[in-house]
Amino acid sequence: MLKALHGIHGDRADAVTIAGRSTSYEDLLGAARAVAADVAGAPAFAVTATASLETVAAVVGGLLAGVPVVPLPPDAGPAERDHILRDSGAGLIEVDFARRAAADPVARAAGPDDPALILYTSGTTGAPKGVVHTATALAAGLDALADAWQWSAEDTLVHGLPLFHVHGLVLGVLGALRTGSRLVHTGRPTPAAYAAAGGSLYFGVPTVWSRIAADPAAAAALSGARLLVSGSAPLPTPVFRSLSQLTGHAPLERYGMTETLITLSARADAVPRPGTVGTPVAGVRTRIAVEPGADIGELQLTGPTLFSGYLGRPEATAASYTEDGWFRTGDIAAIDADGLHRIVGRASIDMIKSGGYRIGAGEVENALLDHPAVSEAAVVGVPDTDLGQRIVAFVVAEGVGASELTDFVAAHLSVHKRPREVRFVASLPRNAMGKPQKRLLLSPEER
Ligand code: MLC
Ligand code: AMP
């Protein structure tokens, strides 16, 4: 799975740099083997996935031992952490990067169909679910991207994304270790840090690219790169155009999900068209479930990069597939005459994307309803120039202020799940079934 680590591509003292600390593959493998020896035989283990060499050693150690890794968001509040640990049955480990084991002490290596990674992600309602991926799916997903982006050991990959999601962890860490490209993780994805890193291949969510486009000096510093790649949320066309102008590179957009890995992408050998996410990557097939008379509909997928299921939730897994076995993305899309895919929006108002983070409205609503002063809550994503969408909570409450409520949510869930804005209302508009009519809460330009 991790070809580079096993010496196919050679080694260097700064093969992996994270937030200013560097390691060679040899030392990384030594630290990962020490982790593998500790976790061998466990059903799963969790690690607080800070942006650090320790997180990388933990994930590689899990792959060596054939024990699935559960990366915990470091800013998750106690309720979210407890849920993830309880639901996955994973024990939390601490990694000491200075501890090394010389040889692979593990009796059972990872089989191709064993679970390798369990990533927690929100649905429209309820608590986050564990998305299980095998090493085979991860390898298929990464090889497909290496093909689409001509990604190789010649590259230096730069990004500063969190290490507990597909983008930062699977593409941004495992992708570097599989292709053998040097990795520079900037700690945080600031324009200045991207500009200083001197990479050939850059990953960012649209919020990162929009901040870089607003900083012409930082953007100009990326002109020597080979490829700028955007994903996790729609890249606004004005950001595409500014980046193209300031860096000399039209950014490549690609599309994916925690459940599917990256399934659609623009290719390094074609000119990207703004507003499109390219064509299916190797092995993936797509179709659009179009209603009669419409040319857009739900994007559905099959292929080798799909997850093995939601951990312990066979009904939820089954419900995410059509009867004939295609995965239902919940995204509305169209395919043009050249086969280029365009993501038009989400089918559900209850799935929010803010700064590239996926947030289920129901989870935030439940956290708000746990506050004794709140009697009703409706959470929506409102268009935001920096974050794509920002979380706005409409609440019916008495004797409580907005900041107390956002702090309350932050104390239970991850920082990025707290509302940026709370709007107090006398009641929520509801339909005849009693379901909140969220769109009626928004002004016409917010809908
Ligand atoms: C955040 N802050 C708040 C707040 N939310 N303060 C008050 N109220 C709120 N509601 C705080 C933060 O803690 C931070 O504090 C400060 O405000 C700035 O926050 P921010 O505006 O969110 O900026 P930043 O932290 O820089 O975050 C922007 C970002 C981040 C783009 C860096 O959103 C990010 O890393 N996104 C990546 C998400 C991602 O990787 N998604 C991939 C999913 S996988 P302080 O004190 O810390 O400064 C996937 C598959 C695929 O989607 O296709 O890739
Ligand atoms: P996550 O599970 O966090 O990976 O979120 C997956 C969702 O992110 C998808 O269902 C899409 O709604 C959204 N997404 C990812 N990449 C793109 C993109 N390039 N354009 C539009 N939406 C995207």
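Every number here is computed from the coordinates shown, using simple stated rules; none is lab data. Note that the structure is a prediction, hence the values are computed from the model and not measured. Backbone-built Cβ (ideal geometry, glycine too); neighbour counts: all protein chains shown.
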Item to complete: Decide, for the stretch 1-347, between rounded, prolate and oblate: order the square roots of the alpha carbon gyration tensor eigenvalues as a ≥ b ≥ c, take rounded if a/c falls under 1.5, and otherwise choose prolate if a/b is larger than b/c, else oblate.
Response: oblate
Discussion item. Below 8 Å, C-alpha to C-alpha, sequence gap of six or more: please give me the relative contact order for the chain in percent.
Written reply: 13 percent
Worksheet item: Say each of Asp407 and Thr124 gets a label point 7 Å from the Cα, pointing the same way as Cα to Cβ; how far apart are those two points in nm?
Response: 3.4 nm
Practice prompt. Once you have the Cα-Cα distance between Lys435 and Ala220, take 0.36 nm times their residue separation minus that, and quote the gain in nm to one decimal.
Written response: 72.4 nm
Response to the item:
Sorted by chain and number, the residues with a modelled amide H under 5 Å from that of Val281, at a separation of 5 or more or across chains, are Leu264, Ser265
Fill in: Sequence-separation-based contact order of the stretch 351-441, relative, with Cα cut under 8 Å and 6+ spacing, percent
26 percent
Worksheet item: So what's the gap between the Cα centers of the stretch 130-163 and the stretch 404-444, to the nearest angstrom?
Response: 36 Å
Worksheet entry | Rounded Å value of the spacing that divides the Cα centres of the stretch 190-235 and the stretch 242-278 | 13 Å
Worksheet entry | In nm, spacing of pseudo-spin labels at Arg99 and Ala316 (7 Å Cα→C-beta vector) | 3.2 nm
Practice prompt. Quick one: work out the % antiparallel among DSSP beta bridges in the chain, nearest 5.
Written response: 65 percent
Item to complete: Please label the shape of the stretch 351-441 as rounded, prolate or oblate, based on the square roots a ≥ b ≥ c of the eigenvalues of the alpha-carbon gyration tensor (a/c under 1.5 means rounded; beyond that, a/b larger than b/c means prolate, else oblate).
Response: oblate
Response to the item:
For the stretch 1-80 the trypsin sites (Lys or Arg not before Pro) that pass both the DSSP coil test and the at-most-16 other-Cβ-within-10 Å test are Lys3, Arg12
Worksheet item: Cα centroids of the stretch 307-360 and the stretch 19-80: how far apart, whole angstrom?
Response: 28 Å
Item to complete: Let me know the longest stretch in the chain that avoids all GluC sites (Glu not before Pro) found in a DSSP loop with at most 15 other C-beta atoms within 10 Å.
Response: 155-322
Discussion item. Using helices alone, I'd like the mean residue ellipticity at 222 nm for the chain: each DSSP H run of four-plus residues gives -39500 (n - 2.57), total over residue count, nearest 500.
Written reply: -7500 deg cm²/dmol
Discussion item. Can you compute the FRET efficiency between Ala426 and Asp336 using 1/(1 + (r/R0)^6), with r the Cβ-Cβ distance and R0 = 60 Å? Round to the nearest 0.05.
Written reply: 0.85
Worksheet item: Within the chain, how many lysine pairs that are 8 or more places apart, or on different chains, have C-alpha atoms less than 28 Å apart?
Response: 9
